[in-house]
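Chemist: My questions will all concern the structure given below.
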Amino acid sequence: MNFDYNEEQQLLADSIKRFIDKDYDFETRKYVASAEGYSAEVWGTLAEMGLLGLPFSPDYEGFGGGAVDLMSVMECMGAGLVVEPYLPTVTAAQFVARAGSEAQKKAILPAVASGELKDGLRADRSRGALRPRARRGRGEESGAGWTLDGVKQVVIGAPQADQLVVSARTSNDGDRGISLFLVDARAAGVSMKAYRTIDELRAADVGFKGVQLGADALIGKPGEGLAHIEAVVDFATALLCAEAVGAIKYANDATLEYIKTRKQFGVPIGAFQALQHRMVDMVISWEQARSMACMACARVDSEKDAGERKRLISAAKIRIADACRHVSQEAIQLHGGMGMTEEMKVSHTFRRLTMIAQQFGDADHHLERFAALDKVA
Amino acid sequence: MNFDYNEEQQLLADSIKRFIDKDYDFETRKYVASAEGYSAEVWGTLAEMGLLGLPFSPDYEGFGGGAVDLMSVMECMGAGLVVEPYLPTVTAAQFVARAGSEAQKKAILPAVASGELKDGLRADRSRGALRPRARRGRGEESGAGWTLDGVKQVVIGAPQADQLVVSARTSNDGDRGISLFLVDARAAGVSMKAYRTIDELRAADVGFKGVQLGADALIGKPGEGLAHIEAVVDFATALLCAEAVGAIKYANDATLEYIKTRKQFGVPIGAFQALQHRMVDMVISWEQARSMACMACARVDSEKDAGERKRLISAAKIRIADACRHVSQEAIQLHGGMGMTEEMKVSHTFRRLTMIAQQFGDADHHLERFAALDKVA
Amino acid sequence: MDLSYSGEELAFRDEVRGWLAANLPADLRDKVGDHEHLSKEDLLRWHRILAKQGWVAPAWPKEWGGTGWNVVQRYIFEEECGYAGTPPLVPFGLAMCAPVLHKFGTEAQKKRHLPPIYNGDLFWCQGYSEPGSGSDLASLKTKAVRDGDHYVVNGQKIWTTLGHYADWIFCLVRTDSTAAIRQEGISFLLIDMKTPGITVRPLILMDGGHEVNEVFFENVRVPVENLVHEEGKGWTVAKYLLGHERMNTGRVGISKRELTKLKAFAARQNKDGKSLMDDPRFRDKVSRVEVELMALEITNLRFLDQMRRTGQPPGADVSMLKIKGTEIQQSLTELMMYAVGPQAQPFKPLQADDGFDAFAASLAPRYCNTRKTTIYAGSNEIQRNIISKMSLGL
Amino acid sequence: MDLSYSGEELAFRDEVRGWLAANLPADLRDKVGDHEHLSKEDLLRWHRILAKQGWVAPAWPKEWGGTGWNVVQRYIFEEECGYAGTPPLVPFGLAMCAPVLHKFGTEAQKKRHLPPIYNGDLFWCQGYSEPGSGSDLASLKTKAVRDGDHYVVNGQKIWTTLGHYADWIFCLVRTDSTAAIRQEGISFLLIDMKTPGITVRPLILMDGGHEVNEVFFENVRVPVENLVHEEGKGWTVAKYLLGHERMNTGRVGISKRELTKLKAFAARQNKDGKSLMDDPRFRDKVSRVEVELMALEITNLRFLDQMRRTGQPPGADVSMLKIKGTEIQQSLTELMMYAVGPQAQPFKPLQADDGFDAFAASLAPRYCNTRKTTIYAGSNEIQRNIISKMSLGL
């Protein structure tokens, strides 16, 4: 039993924290978010720090890291509200790393690790949850390759992506009819309606109209995409939980600082017991959420039973979603009017937490999955 | 629009309040609850005050009152934690008053009004809700009459009852196979396993073994019991909501008094803001619950559409159940250890509120019914 | 006990309802329903329609344009407007400055200011809060120093709602810094926003909207004739205004409209092949808000009935309505955001011509914006303090 | 980061688990599982089984019978006991009086009192709270006046858990009413419950159970040799005891056992022809408690790991475990009561021979009883005050 980061993890955590404190402060972040929604310089730094290749095998210029190694990174990203498409890129690359051919791995992974390439995770999150069983994208075998048609909505990071991992139904064989494809974001027939999201990320509805793909665009075997999707999304959910923990910590720290300094009636408002007790509950929420993020990151890679892995990730996401909602709402309330303004970072953290609560399935979705997978004696 | 009691209602409310303050204080109530669970003297007083016949037509020595007229009575019963089987008696008699033959009305209602007769409401509340579709009691036509077999569980007031209103399945015709019978509690074949309930009422599991009933035992027409059951239980639920409001008011008053007088660290604990805000939320809960009890009592008699009546009663019971839980738990917590003791009335109010929250269906049951009956555009 | 409106009240309601159906412009109604930004012109357009009908200031004395309606009629009117989806009547002139002038103003002040308020010719805003003084209003620092026939005002106000639209501002200012009781050094001034030395700086809220401002005063010269009530009696005026709160604090009509919309919208949303309203997890959240709103409406009517019969102005009751009303508004916007699912996330298209579901995209900003309701107009914590002190004697 | 126990820790857990399986008498286990009343004999029987095994006082110094286990082993042991369903070890002697004697006792006091505590020969209780002094312990009034070789004690204690079983009581008493700082007038006394002048009066709780008492002292003569530490230093002793709280405050093992039972029980309950566990409304309540308990277990282990590595005694962390642990216990008893439905209502049969589902009938009383957990041992409000002050610096 050991809850500490090991030396390497700690060094990494320290360096990313230093980077964010120094080079990604709130003003910088504001600029990045309002301009391109992404900074090439920051992306380069992330690559230099080894963050982009972290979870890949050393064979592809990675560091062989797992979710636990990424946990401190994600906590820092959450605290700093990094808008760069780090999670989409790392996640999309997982499909290649886990299921791709040797050629795909060689073509993609080192380029991602070096920062040359950004992957966009396809997402089809109608009803707040990824529903892999109802892909509207459609791949048809055409000669040696495939033709891809359909639309994917709210694909986070798509506007910046070079490559897209796209899931598409390739047969009507239910769970066994979904395949994964690697698609160049600039390929003929790919269109994007891009927008800014409420938490200041970039996303797009991505259209595919008769997109011609070679046979080598297929990731893994045809019809076997679902298990990969579930595994990779669970992996991404664990990382998202860690990101939430970092953002919650920031919201708590900012709120505590605020109620210690804001004075009314001659005393700091933190002297009022009703606020003290609510602040305490926010801190407890964070501790409990952090425990579940630790669990999620520790178990998502090591748990071999897919059902148990899904159950545990759902448990984590339930607690994280509840904590996101609780802390974000209380942080704004305790900040009073100031927390409502664009100029306070906490209002941005509020928005990110609101969205994390729903990303990869909201609490209701995971309560349903948790119940379905739980074995009752 | 008028939320006041009219003059008669107010006089009645005043007199029952006086009676409870003067002759049914906590010590008296303790004695009654521990001894017979019922006092003949108190029952006589309730009859004298006209409470027992209140909802019957003047033709049967009643006063033609409705749920609104009973509301203040029930609030007082809730505040005083009256253990006598008033609600079961009034409710059971409703079956006779609404569906009984002229002969049944003449035989039963004046005797109830005068206090000679106590009716026990049959209840079969498996899973926290009355489930009229699954009667285990079974009536079979035998010559001119019926034979009744089966068991009814947790029948509140049964140990004291003279007459029982029993629902039984008389055919397998689904919703149209349930009939109602008037059964003498001392008839051959009727057995009772009696117990004290956690809120200090008396109840019993009532067994019926080959109980022979004449044709005149049937209330209403055969197979038409369900609509009566639903209507009468809705009526009883409205009254129960009013009882809850009285009990919640007592819990709030007692808690407010306690935190004003209990001193720690040199000040009344009511000076601590965290407790103040929680006390305020208890008061708001009471106001909202009272509004729903008003609505339930005002509408349960006047609403002609059965579906709408059920929807409104469920709405009231949802809010009342939530308020019962919230206020009872907070009242004990704010009382500290003292509230945990048998000698403090608030611990008895806690138990009654806990049970009211579940009686005639808990919040979950009514949420289900409310959703099913709601018309969504 | 009778929870229904009387025949006359019903007739009045039907009259209002019928008139609104005929006179509320469809484009304004749709803007309100879709949570679109309302321009100054939108607000004034509706104001003037009501003014023309003679209904813009029901609570005013009859000689100044009041309707003579009783409290129940006024409540019915406001709730009907809310349910129909009219633009709001901006309260700063009609419901805040005007009552103060009716009570404390000179004849000259009334004659000068009331008609343009009534007719929607001049737009008002409120100068109360300051950066260091929110809940603790009496700690305000903006100074007004007498200089001949003028006060010279220096300082800063914050959270000035629609200050960027306003022609006039009414302000609490400190005219005596030496008063032993700090409340006694405060005065109530009317200030023309065009006076030199006034700067309005937008405060953008997290939904991207511009509704509040900071207002800076630098040697702003205000004629003494714009002092309301006596110098140093500003706190009396402020307290009168607080007690004058209206009884529709619960905003039941608006929430009923939003609830209806939520249910209809969610019913059309698909979850696992079924309507989202058939999902018990989502459904129960909606039901609990609906029940809470039913209760609030009755609670509101109970208080109103009591007020009508006793003639007593609402006390801490208003605080309760504010707490519950705002909690319900927040729940409704939150559920609406959940109902739309991930489409709630998109905020603004990067290309102006990209197809875009503006209504879906308005829901998350609206959820963000509605967080303000438990903070403004006396935070819900302050409301709990008020109930605790005034009603419970704690 | 590794959330699993090490190989050695797992081996230790298996050893404890195996031993418990072999040595916990089935009748005691069933009584605990069915929430039946545990007699003094039941409690002491289990105490003596552990004493015989040498595991009754793991944290004591080795020379007095301690096991030498580290904090993680102690936690594992306590959690395994909780999960297996052992009777509780009554803490007043083993975990409260004994640590005080180890730290502050004279050799004579240790020799006299520690062996009978270890062996379960003498039963102890705690005399801290008084009617006027609960959270504000330092306001206690029970007086001890020196008279030759004795203190003469007068006053009253309340909430004395199992005082009616006890042979001895340790008490905080006021030996100096004139001390400027009221904490400085307090002393720590050991009192034989058979001393003349002591009266124990039961305080029946609302579940009908007798577990707490009032203890009255009327001219009770206590030999001065029973003073622990110096006169006037009782507060130091009391504070030491508070800081000595154990890390299993969250009672995760017990709650895991109760959760398992709840899920199995609810799965067998029928609702509309389906298992109650298939009802999403009920099910989600269970799931949320389960998730909270999973989180609490990890939080507990995190704190333990930190304590092991830093050597720091747990601070405000314990308060957090207490808050969450008791909230979970309350949720579990509440859900168990809901699960059984209306059968939870019956309390006691009126005829002794009436058939009666005693287990079902135990659930509502247990729900009532468990309300105490957020009140006792420092109410959850006090725990929040502690975190607010100690961890957050508010």
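The values are calculated or read from the model by the stated rules, or taken from the named source; none is laboratory data. Since the model is a prediction, treat every value here as computed from it, not as a measurement. A quick note on method: Cβ atoms are made from the backbone with ideal geometry, for glycine too, and the neighbour counts reach across all protein chains shown.
Chemist: Restricting to the stretch C:346-387, give me the number of residues that are facing chain A (nearest Cβ under 7 Å), touching a residue at least 60 places away in the same chain (Cβ under 8 Å) and polar (S, T, N, Q).
Modeler: 1
Chemist: Give B:Ala321, B:Ala244, B:Ala315, B:Ala298 a once-over and let me know the one that is surrounded by 23 or more Cβ atoms within 10 Å (Cβ to Cβ), of a type outside the set (Ser, Thr, Tyr) and either within 26 Å of C:Ile382 (Cα to Cα) or facing another protein chain (nearest Cβ under 8 Å) (or both).
Modeler: On the way: B:Ala321 fails: either within 26 Å of C:Ile382 (Cα to Cα) or facing another protein chain (nearest Cβ under 8 Å) (or both); B:Ala244 fails: either within 26 Å of C:Ile382 (Cα to Cα) or facing another protein chain (nearest Cβ under 8 Å) (or both); B:Ala298 fails: surrounded by 23 or more Cβ atoms within 10 Å (Cβ to Cβ).
Exactly one residue qualifies, and that residue is B:Ala315.
Chemist: Another question, then. Could you tell me whether any residue of the stretch B:146-157 is modelled with pLDDT under 85 and outside the structural domain of B:Gly66 (by TED's automatic domain parsing)? Before the answer, list the steps.
Modeler: Taking the stretch B:146-157 as the starting set, the residues that turn out to be modelled with pLDDT under 85 are none.
No - not one qualifying residue is present in the stretch B:146-157.
Chemist: What number of residues within the stretch B:345-377 satisfy the criterion of being closer than 21 Å to C:Arg283 by Cα, out of contact with any Pro (no Cβ under 9 Å at 6 or more places or on another chain), part of a helix (DSSP H, G or I) and of a type in the set (A, V, I, L, M, F, W, C)?
Modeler: Residues that pass the stated criteria total 5.
Chemist: Would you confirm, using the coordinates I've provided, whether A:Ala99 is in contact (Cβ under 8 Å) with a residue 60 or more places away in the chain, touching a helix residue (DSSP H, G or I) at 6+ places or on another chain (Cβ under 6 Å) and within 14 Å of chain D (Cβ to nearest Cβ)? It would help to see each step written out before you state the result.
Modeler: On the way: in contact (Cβ under 8 Å) with a residue 60 or more places away in the chain: yes; touching a helix residue (DSSP H, G or I) at 6+ places or on another chain (Cβ under 6 Å): yes; within 14 Å of chain D (Cβ to nearest Cβ): no.
No.
Chemist: If you don't mind, another one. For the stretch D:189-205, give me each residue that is within 14 Å of chain B (Cβ to nearest Cβ), surrounded by fewer than 17 Cβ atoms within 10 Å (Cβ to Cβ) and not basic (Lys, Arg). I'd like the intermediate steps shown before the answer.
Modeler: Going residue by residue through the stretch D:189-205, those that are within 14 Å of chain B (Cβ to nearest Cβ) are D:201-205.
This time we only want the ones that are surrounded by fewer than 17 Cβ atoms within 10 Å (Cβ to Cβ), so: D:201-202, D:204.
Of everything in the stretch D:189-205, those that are within 14 Å of chain B (Cβ to nearest Cβ), surrounded by fewer than 17 Cβ atoms within 10 Å (Cβ to Cβ) and not basic (Lys, Arg) turn out to be D:Pro202, D:Ile204.
Chemist: Can you pull out the residues in the stretch B:292-343 that are basic (Lys, Arg) and touching an Asp or Glu at 6+ places or on another chain (Cβ under 8 Å)?
Modeler: Restricting attention to the stretch B:292-343, the residues satisfying the condition of being basic (Lys, Arg) are B:299, B:304, B:309-311, B:317, B:319, B:325.
Across the stretch B:292-343, the qualifying residues are B:Arg309, B:Lys310, B:Arg311, B:Arg319.
Chemist: Inspect the stretch B:69-83 for any residue being buried (at least 24 other Cβ atoms within 10 Å of the Cβ), more than 22 Å from B:Ser15 (Cα to Cα) and touching a Lys or Arg at 6+ places or on another chain (Cβ under 8 Å) and give the result as yes or no.
Modeler: Scanning the stretch B:69-83 turns up no residue that is buried (at least 24 other Cβ atoms within 10 Å of the Cβ), more than 22 Å from B:Ser15 (Cα to Cα) and touching a Lys or Arg at 6+ places or on another chain (Cβ under 8 Å).
Chemist: In the stretch B:26-102, which helices (runs of 4 or more DSSP H) lie fully inside it and hold 3 or more residues that are under 18 Å from B:Ala158 (Cβ atoms) and of a type in the set (S, T, N, Q)? Break it down stepwise before answering.
Modeler: Values: elements: B:26-34, B:40-48, B:67-80, B:86-99.
By residue number, B:86-99.
Chemist: Is it the case that the stretch B:260-272 has a residue that's touching a residue at least 40 places away in the same chain (Cβ under 8 Å), among the charged types (D, E, K, R), outside any helix (DSSP H, G or I) and in contact with a Pro (Cβ under 7 Å, 6 or more places away or on another chain)?
Modeler: yes
Chemist: Something else: In the list C:Pro116, C:Pro87, which residue meets the criterion of being without any contact (Cβ under 8 Å) to a residue 60 or more places away in the chain, in a helix (DSSP H, G or I) and in contact with an Asp or Glu (Cβ under 9 Å, 6 or more places away or on another chain)?
Modeler: On the way: C:Pro87 fails: in a helix (DSSP H, G or I).
Result: C:Pro116 is the single residue among C:Pro116, C:Pro87 that is without any contact (Cβ under 8 Å) to a residue 60 or more places away in the chain, in a helix (DSSP H, G or I) and in contact with an Asp or Glu (Cβ under 9 Å, 6 or more places away or on another chain).
Chemist: Would you point out the residue of the stretch B:1-39, among those that are more than 14 Å from chain C (Cβ to nearest Cβ) and within 18 Å of B:Val90 (Cβ to Cβ), that is surrounded by the most Cβ atoms within 10 Å (Cβ to Cβ)? Before you say what the answer is, go through the steps one by one.
Modeler: First pass over the stretch B:1-39, keeping only residues more than 14 Å from chain C (Cβ to nearest Cβ): B:11, B:14-39.
From the residues that got through so far, the ones that are within 18 Å of B:Val90 (Cβ to Cβ) too are B:15-16, B:19-20, B:24, B:37-39.
Numbers: B:Ser15: 15, B:Ile16: 24, B:Phe19: 19, B:Ile20: 20, B:Tyr24: 22, B:Gly37: 21, B:Tyr38: 18, B:Ser39: 21.
In this case the residue turns out to be B:Ile16.
Chemist: Just the residues that are assigned to a strand (DSSP E or B) and either among the aromatic types (Phe, Trp, Tyr) or on the phi > 0 side of the Ramachandran plot (or both), please, taken from the stretch C:174-222. First the steps, then the outcome.
Modeler: Of the stretch C:174-222, the ones assigned to a strand (DSSP E or B) are C:174, C:186-192, C:198-205, C:210-222.
Residues satisfying the conditions are C:Phe188, C:Phe216, C:Phe217, C:Asn219.
Chemist: Scan the stretch D:354-380 for residues that are touching a His at 6+ places or on another chain (Cβ under 9 Å), assigned to a helix (DSSP H, G or I) and crowded, with 22+ Cβ neighbours inside 10 Å and jot them down. Let's see the steps before the verdict.
Modeler: Taking the stretch D:354-380 and keeping what is touching a His at 6+ places or on another chain (Cβ under 9 Å), we get D:359, D:362-363, D:365-366, D:369, D:375.
Next, from what is left, pick out any that are assigned to a helix (DSSP H, G or I): D:359, D:362-363, D:365-366, D:369.
D:Leu363, D:Pro365, listed by residue number.
Chemist: Output the residue which, of all residues in the stretch C:61-111 that are of a type in the set (D, E, K, R) and closer than 23 Å to C:Glu225 by Cα, is farthest from the other protein chains (Cβ to nearest Cβ).
Modeler: Within the stretch C:61-111, the first condition is being of a type in the set (D, E, K, R), and the residues that meet it are C:62-63, C:74, C:78-80, C:103, C:107, C:110-111.
Then drop every residue that is not closer than 23 Å to C:Glu225 by Cα, which leaves C:103, C:107, C:110-111.
On the way: C:Lys103: 28, C:Glu107: 37, C:Lys110: 33, C:Lys111: 36 Å.
Within the stretch C:61-111, the match that is farthest from the other protein chains (Cβ to nearest Cβ) is C:Glu107.
Chemist: To continue, here is another question. For C:Gly208, state whether it is in contact (Cβ under 8 Å) with a residue 60 or more places away in the chain, under 25 Å from the mean Cα position of the chain (by Cα) and surrounded by 22 or more Cβ atoms within 10 Å (Cβ to Cβ). Let's see the steps before the verdict.
Modeler: On the way: in contact (Cβ under 8 Å) with a residue 60 or more places away in the chain: yes; under 25 Å from the mean Cα position of the chain (by Cα): yes; surrounded by 22 or more Cβ atoms within 10 Å (Cβ to Cβ): no.
Spelling it out, it is not the case that C:Gly208 is in contact (Cβ under 8 Å) with a residue 60 or more places away in the chain, under 25 Å from the mean Cα position of the chain (by Cα) and surrounded by 22 or more Cβ atoms within 10 Å (Cβ to Cβ).
Chemist: For residues that are in contact (Cβ under 8 Å) with a residue 40 or more places away in the chain and under 18 Å from the mean Cα position of the chain (by Cα), scanning just the stretch D:49-70, find the one that is nearest to D:Ser6 (Cα to Cα).
Modeler: Per the stated criteria, the residue is D:Ala59.
Chemist: If a residue has to be buried (at least 19 other Cβ atoms within 10 Å of the Cβ) and of a type in the set (A, V, I, L, M) to count, how many in the stretch C:138-159 make the cut?
Modeler: Residues flagged as buried (at least 19 other Cβ atoms within 10 Å of the Cβ) and of a type in the set (A, V, I, L, M) within the stretch C:138-159 amount to 4.
Chemist: Is it true that some residue in the stretch C:68-89 is of a type outside the set (S, T, N, Q) and surrounded by fewer than 14 Cβ atoms within 10 Å (Cβ to Cβ)? Break it down into steps so the answer makes sense when it comes.
Modeler: So in the stretch C:68-89, the residues of a type outside the set (S, T, N, Q) come out as C:68-69, C:71-72, C:74-85, C:87-89.
Cutting the leftovers down to surrounded by fewer than 14 Cβ atoms within 10 Å (Cβ to Cβ) gives us C:68.
Yes, the conditions are met somewhere in the stretch C:68-89.
Chemist: In addition: Mind listing just one residue for me: the one in the stretch D:254-274 that is more than 7 Å from every other protein chain (Cβ to nearest Cβ) and of a type in the set (Lys, Arg) and, of those, nearest to D:Leu321 (Cα to Cα)?
Modeler: For the stretch D:254-274, the residue satisfying everything is D:Lys256.
Chemist: Among A:Gln276, A:Gln264, which is of a type outside the set (Asp, Glu) and touching an Asp or Glu at 6+ places or on another chain (Cβ under 6 Å)?
Modeler: Values: A:Gln276 fails: touching an Asp or Glu at 6+ places or on another chain (Cβ under 6 Å).
Only one candidate qualifies: A:Gln264.
Chemist: Any chance you could count how many residues in the stretch D:119-172 are away from chain B (no Cβ under 13 Å), among the hydrophobic types (A, V, I, L, M, F, W, C) and not in a strand (DSSP E or B)?
Modeler: 4
Chemist: Continuing with the same structure: Report yes if C:Met294 is of a type in the set (A, V, I, L, M), under 19 Å from B:Glu368 (Cα atoms), in contact with a Lys or Arg (Cβ under 6 Å, 6 or more places away or on another chain) and within 7 Å of chain B (Cβ to nearest Cβ), otherwise no.
Modeler: On the way: of a type in the set (A, V, I, L, M): yes; under 19 Å from B:Glu368 (Cα atoms): yes; in contact with a Lys or Arg (Cβ under 6 Å, 6 or more places away or on another chain): no; within 7 Å of chain B (Cβ to nearest Cβ): yes.
Answer is no for this residue.
One line per residue, one yes/no per condition, for (1) in contact with a Lys or Arg (Cβ under 9 Å, 6 or more places away or on another chain); (2) away from chain A (no Cβ under 14 Å):
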position: D:Leu276; (1), (2): yes, no
position: D:Asp279; (1), (2): yes, no
position: D:Arg283; (1), (2): no, no
position: D:Thr299; (1), (2): yes, no
position: D:Ala316; (1), (2): yes, no
position: D:Ala344; (1), (2): no, yes
